[in-house]
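Taking it in order: structure first as structure tokens, then the write-up.
Since every read-out is calculated from the coordinates, none of them should be taken as a lab result. Keep in mind the model is a prediction, meaning the values are calculated, not measured. With ideal geometry, Cβ positions are generated from the backbone for all residues, glycine too; neighbour counts draw on all protein chains shown.
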Amino acid sequence: MTTRTRFAPSPTGFAHVGNIRTALFAFLVARHNDGQFILRLEDTDKKREVAGTDDYIINAVKKLGMNYDEGPDIGGSFAPYRQSERLDIYKKWAEKLVAAGRAYADPYSPEEIQQFRDEAVASKKPFLYRNHRPENPPVWDGSRPLRFKSQPQDYSWHDAVMGEMHAGAEAVDDFILIKSDGFPTYNFAHIVDDAEMKITHVIRGQEFIASMPNYLNLYEALNLDKPIFATVPHILAESGNKKLGKRDGAKDVLEYLRDGFVVEALDNFIASLGWNDGTEQEIFSMTELIEKFSLERVQKSGARFDEKRLVWMNAQWIKRLSLDDLYERTLNDIEYKRTDPDIAIPSIIGQRIDDFQNKVDAGYIKNLAYFLSTGDIQHLNISGYWGFEGFKNKNEEYKKQILLVVQERLKTLADLPALTEYFFARPTPNWSMIENNKQLKKIPRNELENLIKITFEKLSALDESDFANEETLQNKLNELLTETVQKPPVLFGIIRYALTWAPFSPGLPETMRLLGREETLARIEAAL
């Protein structure tokens, strides 16, 4: 039998790490078994649906490399793949249950049902709707909710991750199948869709365990074969004592891409949240994940979200990229797209502007402020991750040389401005950096001034060809060490600040070679 898995999100918000992990696990199971992966949009909760997020979810799944075989935008043998377009299918299955005496129209008003709940609380008993099941319910004509007529019993079932599971008859109740607006509930629609689409593995979060007895009761009423169930544990906050939430740093998964994380690192990190292959290996390509992934290796306990580990993993992946590949990625537009006037602006625009203030030029900030004030962000692009005007004035080869010398230091692509801006524009001297340096702050100002003067004189004796040779530059720096009888952190530190006025920079020979003779001397003179 062909393995068929699905990712079935609701378009009620942006894709976060939790539901993307579910998608990734389902994708890996399908690909590991040479099966098919399906994307289905469960858009039946119209009150909670956010316009535009269906396209956003599709985009997120594709950007993370989880190319599906069937879906709402590409079709497939079991189309349509939006639940709102499958209402006739649910009605057909609902009528089967009505005919078999396993579903009935709910005659009660919301106020009456609330009264039943209050009575249960007052008597300190759990509320079960089946205890109030009407003796002679009205004919179901679609104007009232349709409820499942359960047959309570104890259940045992096997979960591919959690193992053997059990629940008593008290967990089974009469739940709504079709709402009064004609749309099915998740509890009904997903079972019908999984059956119609021949899904073999249902992979979902821990929050659905409590509903499993109801699902099993419905499978039996519909005379359906059950798929393989796999329940993945919660992703926990970094503290490890609660489920990851927005206050703990959980955010739209595409925001990580906008923040300079590469796709390979995100996939690698998300796959490792609750799974490992039993070895010490931490860095996995998508090919390796497909080859090694199995539900048996998914842990039962919660997986702690450690963003520091994600940053480390991202740095490892950046180092592995070829220079040409990395360069192309740094040029990728960071795009914010508003497809509907009612859609919420992606959180990064509202919440991360302070971060961007330090990363991009003032012109961009002014443009962003304009777009925010007008709400007109149909197409708002930041041209890549370099983020400053001087970048446009240099040729591609020069940019690649700079990227090569900082590649080992990059933790995210968003680090580029801080690590490279001084290669494109002459920085303003900032002596407070020296005053805060534990080595240089001990040296009297006149001594530092003398070191800079001597450096200027020695480097002035070199010609342009000398500046193209890093070995020649290093030899000249070593001569300066001998002549000044100074420690490397002091001499090289003051020269580095004079050239870059940055907290981090590549080695001095590389920096001087890239700046060239004229610019190197001009910066040292500016420091004086």
- Just report the Cα centroid separation between segment 89-142 and segment 482-528, whole Å. 78
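Taking other Cβ within 10 Å of each residue's Cβ, how do TYR497, TYR327 sort, fewest first? Display every interim value, and only then the final one.
Working: TYR497 24, TYR327 18.
By the 10 Å Cβ count, ascending: TYR327, TYR497.
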- What dipole magnitude, in Debye to the nearest 20, does the chain give about its Cα centre under +1 on Lys/Arg Cβ and -1 on Asp/Glu Cβ? 940
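Can you tell me the relative contact order of segment 1-51? Whole percent, Cα pairs under 8 Å, sequence separation 6 or more. Please list the in-between numbers first.
Values: 66 pairs, mean separation 27.9, N = 51.
Rounded, it is 55 percent for segment 1-51.
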- Query: Sorted from largest down, what three extents in whole angstroms do the Cα atoms of segment 142-191 have along their principal axes?
  - Reply: 41, 22, 10
- Query: Which whole-angstrom value gives the distance between the alpha carbon centres of segment 1-75 and segment 215-289?
  - Reply: 13
- For helix 186-196, report the angle its Cα long axis makes with the longest principal axis of the Cα atoms of the chain; keep it between 0 and 90° and round to the nearest 10°. 90
- Give, as a single signed number, the net charge of other residues whose beta carbon lies under 14 Å from the beta carbon of TYR327, with Lys and Arg counted +1 and Asp and Glu -1. -1
- The set of residues whose placed amide H lies less than 5 Å from the amide H of ASP159, leaving out same-chain residues fewer than 5 positions away, is GLU164, MET165
- Message: I need the P(r) histogram for segment 453-528: all alpha carbon pairs, bin width 5 Å from 0 out to the longest distance, whole percents.
- Response: 3, 17, 31, 30, 17, 2
- Percent RCO, i.e. relative contact order, over the chain, from Cα pairs under 8 Å lying at least 6 residues apart: 12
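Which whole-number percent is the relative contact order of segment 206-298 (Cα, under 8 Å, 6+ apart)?
Details: 45 pairs, mean separation 19.1, N = 93.
Computed over segment 206-298, the figure is 21 percent.
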- Query: Non-local amide H neighbours of GLU70 (under 5 Å, H modeled in plane, Pro and chain starts lacking H): which ones?
  - Reply: PHE37, LEU39
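Mind jotting down a quarter of the surface of the convex hull over the alpha carbons of the chain, in square nanometres, one decimal?
Numbers: hull surface 125.6 nm².
Reported value for the Cα convex hull: 31.4 nm².
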- Quote the Stokes-Einstein diffusion coefficient, in whole µm² s⁻¹, for segment 86-232, based on the Kirkwood radius over alpha carbon pairs, a temperature of 10 °C and a viscosity of 1.306 mPa s. 98
- Task: Note the angle between two axes, namely the Cα long axis of helix 87-99 and the longest principal axis of the Cα atoms of the chain, as a number of degrees from 0 to 90, rounded to the nearest 10.
- Result: 30
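Counting only DSSP beta bridges with both residues in the chain, what percent are antiparallel, rounded to the nearest 5?
Details: 18 of 33 bridges.
If we restrict to bridges inside the chain, about 55 percent are antiparallel.
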- Would you mind checking the tilt of helix 110-122 against the longest principal axis of the Cα atoms of the chain, expressed as 0 to 90 degrees and rounded to 10? 90
- Query: If you take the square roots of the eigenvalues of the alpha-carbon gyration tensor of segment 409-481 and sort them as a ≥ b ≥ c, do you get rounded (a/c under 1.5), prolate (a/b over b/c) or oblate?
  - Reply: oblate
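Taking a ≥ b ≥ c as the square roots of the Cα gyration tensor eigenvalues, with a/c under 1.5 meaning rounded and otherwise prolate when a/b beats b/c, else oblate, which class fits segment 1-93? Could you put the intermediate results ahead of the total?
Values: a/c = 1.99, a/b = 1.16, b/c = 1.71.
Taking the square roots of the gyration eigenvalues as a ≥ b ≥ c, segment 1-93 is oblate.
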- Task: Output ³J(HN,Hα) for segment 420-427: one whole-Hz value per residue in order, computed from phi by the Karplus curve 6.51 cos²θ - 1.76 cosθ + 1.60 with θ = phi - 60°, and x for Gly and Pro.
- Result: 10, 4, 5, 7, 10, 8, 5, x
